[in-house]
1. When you scan region 52-116 for strands (runs of 3 or more DSSP E) that lie fully inside it, which ones turn up with 1 or more residues that are under 17 Å from the mean Cα position of the chain (by Cα) and either under 27 Å from Ile165 (Cα atoms) or within 16 Å of ligand 1 (Cβ to nearest atom) (or both)?
2. Under 6 Å between Cβ atoms, at least 6 apart or on separate chains: pull out the pairs that start in region 109-121 with a residue that is among the hydrophobic types (A, V, I, L, M, F, W, C) and end on any residue that is at pLDDT 95 or above and away from ligand 1 (no atom under 13 Å from the Cβ).
3. Does region 41-76 hold any residues that are farther than 22 Å from Lys103 by Cα and crowded, with 20+ Cβ neighbours inside 10 Å, and which are they?
4. So Lys5 clears everything in (1) more than 16 Å from ligand 2 (Cβ to nearest atom); (2) under 22 Å from Ser111 (Cα atoms); (3) touching a Ser or Thr at 6+ places or on another chain (Cβ under 6 Å); (4) charged (D, E, K, R) except one condition, right? Which one?
5. With the requirement that a residue be within 16 Å of ligand 1 (Cβ to nearest atom) and farther than 13 Å from Gly141 by Cβ, what does region 32-51 give you?
6. Taking into account only those residues within region 213-224 that are in contact with a strand residue (DSSP E or B) (Cβ under 6 Å, 6 or more places away or on another chain) and surrounded by 15 or more Cβ atoms within 10 Å (Cβ to Cβ), which is farthest from Val33 (Cα to Cα)?
7. When you check Asp24 against the structure, is it within 23 Å of Arg119 (Cβ to Cβ), crowded, with 22+ Cβ neighbours inside 10 Å and within 16 Å of ligand 2 (Cβ to nearest atom), yes or no?
8. Looking at His133, His192, which is the one that is surrounded by 23 or more Cβ atoms within 10 Å (Cβ to Cβ) and at positive phi?
Amino acid sequence: MIKIKFYGHACFSLEKDGQVVLIDPWLRENPVVSAFPEGLRPALILATHGHHDHLGDAVEISKRVGCPILAVPELVSFCAKQGATTTVGHYGGTLSFDFGTVKIVPAWHTSSVMVGDERVYAGSPCGFVIRFHGRTFYHAGDTALFGDMKLIGDATPLDYAFLPIGDLATMGIEDAVVAVELLRPRLVIPMHYNTWERIAQDPQGFKGRVEARTPTRCLILHPGEEHEVPV
Ligand code: NI
Ligand code: MN
């Protein structure tokens, strides 16, 4: 059994037999968070981009646990300078791990980190296609809708897609439904909504539209909820 845990916003973990891959661990300052970084002992952290609501507590966790942060080179340099352990990835490249593979795919968004009052460029944002103990997960990161999502779905049949629906900073519900049509995952889990008033969305509305228009099922997870994937 693989356990998917949704911590709120864009933070998920995948776990099997105690081995954890943690994605976009924004926890300490997350208003809807379900956990704090102290208890987490991931084997690997994936960071889609440098914005605080994604990179979050990655550096702190990496320094405490010793696990690498996988990100694009510019973000890796920033994390390494803060004392984190890192692994570099690039668009189109696949890295191998004992649990499977991680492929870095594009996302249409921006990426920066705040250093004092300065906004510093942190490379291009990305998404991840994660092959974890025989199942395939796509975490889109923050992104607008783009047509090449079809290529991601064509290349690898996706078991799960984690897609933002909050609008404003990412796709809203209508665009996310089109993303589901392009990606064709077995199951979609919406993310990046209802953290703040300005990204308020009705996930039931998303679910209704996805299931009316596509064969994909939609699973709504609340912060702290887990979902078990049979393997
Ligand atoms: Ni962002
Ligand atoms: Mn974001």
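The values are calculated or read from the model by the stated rules, or taken from the named source; none is laboratory data. Quantities reported herein were computed from a predicted structural model and do not represent experimental measurements. Counting neighbours? That spans all protein chains shown, and the Cβs are built from the backbone with ideal geometry, glycine included.
1. Once the strands (runs of 3 or more DSSP E) in region 52-116 are filtered for at least 1 residues that are under 17 Å from the mean Cα position of the chain (by Cα) and either under 27 Å from Ile165 (Cα atoms) or within 16 Å of ligand 1 (Cβ to nearest atom) (or both), what remains is 68-71, 94-97, 100-106, 112-115.
2. As it stands, the answer is Val113/Phe78; Val113/Val120, since those pairs meet every condition given.
3. Those that are farther than 22 Å from Lys103 by Cα and crowded, with 20+ Cβ neighbours inside 10 Å: Asp57, Ile61.
4. With (1) more than 16 Å from ligand 2 (Cβ to nearest atom); (2) under 22 Å from Ser111 (Cα atoms); (3) touching a Ser or Thr at 6+ places or on another chain (Cβ under 6 Å); (4) charged (D, E, K, R) applied to Lys5, the lone miss is (2).
5. Of everything in region 32-51, nothing turns out to be within 16 Å of ligand 1 (Cβ to nearest atom) and farther than 13 Å from Gly141 by Cβ.
6. Once the filter is applied, the top-ranked residue is Thr216.
7. On the way: within 23 Å of Arg119 (Cβ to Cβ): yes; crowded, with 22+ Cβ neighbours inside 10 Å: yes; within 16 Å of ligand 2 (Cβ to nearest atom): yes.
Here the answer is yes, as Asp24 does meet what is asked.
8. Answer to the selection: His192.
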